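The values are calculated or read from the model by the stated rules, or taken from the named source; none is laboratory data. If you're wondering where the values come from, they're calculated on a predicted model, not measured in any experiment. Positions of Cβ are generated from backbone atoms using ideal geometry, with glycine treated the same way; all protein chains shown enter the neighbour counts.
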Amino acid sequence: MTVEAEAGRLKTEADEPGWEVDPDDEWGVAVITTVGRQLKLRREAVGMRAGEFGRTVGYGEDMVYKIEGGKRIPRQEYLDRADEVLSAGGLIAAAWEDVKKVRYPKKVRELGKLEAKAVEIGIYECNSVHGLLQTPEHARALMGAAQPPYSSDDVERMVAARLARQTVFERDPAPSIHFVLEETPLRRPVGGTMVWQRQLERLLEVGRLNHVTLQVMPTNTDAHPGVDGKIELLKFPDGTAVGRSDGAFNGRPTAEPRDLRILELRYGTIRAQALPPRESLAFIEQLLGET
């Protein structure tokens, strides 16, 4: 096999989009820089050049330098393979526990942390299917339609981050989750017919979970408190809560009791005006039958 052919099999940035380090994420930069430095020191300690090491673990030399320089986030399999090659006794592989915590953008991590702690989650979404409910294909199509456009790397990273938040459905004990979705976004065939069908199927799957309530706000209803934008309410085991709304408090999260009462009143009114859960699932089944 020629050198060119062998190099062609090595993973490059194009093979792993979305694994760049966000320079504004100080903690993320610190973690990835430290891991990269340890990788470089151990590689040099055994006398391996970057190119040789890269060929051994299946990555291009440029990717090795970027990972060691704290510019790229290493995947778990990279760390596992590096641990074997450098005979690190599990120390390098163990770094994944720190790396995976900064794998996703800072804002998504913060939201994910709150969702992971909440015992009750209430969401009203008016312009699209909520991120916790999106299939990978639907999320990718939405992000790919942004203007100005995101890079392919950014799209893949954001899709992965969005899907990671969906582990909230797998928690034990499970939180109580309430969704209210507007009818119009459910009728929009984002990504084409097949992607749209799978998204509707996903809504039915989640809506049938015993700890999830999913309601649809029909288009032919009267005006309601959600016309200003989406609403999110998170309640925690200690009795505290956090909420936000596009149309209140400058869109910023709030934990003030007075603000939360306002959001709860609005959300309660929205739920009362939406179709009941059983009728909502029947409505989605009807949409699916029309695709």
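Numbers below:
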quantity	calculated
Criterion: in contact (Cβ under 8 Å) with a residue 40 or more places away in the chain, in contact with a helix residue (DSSP H, G or I) (Cβ under 7 Å, 6 or more places away or on another chain) and under 17 Å from GLU156 (Cβ atoms) - qualifying residue of ILE92, ILE73	ILE73
The one condition in (1) at pLDDT 90 or above; (2) crowded, with 18+ Cβ neighbours inside 10 Å; (3) closer than 26 Å to LYS235 by Cβ that ARG162 fails to fulfil	(1)
Subset of segment 260-291 (residues that are surrounded by 13 or more Cβ atoms within 10 Å (Cβ to Cβ) and basic (Lys, Arg))	ARG266, ARG271
Subset of segment 71-83 [surrounded by 19 or more Cβ atoms within 10 Å (Cβ to Cβ), under 26 Å from the mean Cα position of the chain (by Cα) and not charged (D, E, K, R)]	ILE73, PRO74, TYR78, LEU79
Answer residue from segment 207-259, given it is among the acidic types (Asp, Glu) and closer than 23 Å to ARG278 by Cα and is surrounded by the fewest Cβ atoms within 10 Å (Cβ to Cβ) among those	ASP222
Selection count, segment 40-94, where residues are over 20 Å from VAL21 (Cβ atoms) and among the hydroxyl-bearing types (Ser, Thr, Tyr)	2
Of all residues making up segment 117-153, the number that are under 24 Å from ASN210 (Cβ atoms), of a type outside the set (A, V, I, L, M, F, W, C) and in a loop (DSSP other than H, G, I, E, B)	3
Residue satisfying condition, being assigned by TED's automatic domain parsing to the domain that holds ALA116, part of a helix (DSSP H, G or I) and small (Gly, Ala, Ser), within set GLY239, GLY268, GLY226	GLY268
Matching residues, segment 154-177, being hydroxyl-bearing (Ser, Thr, Tyr) and in a helix (DSSP H, G or I)	THR167
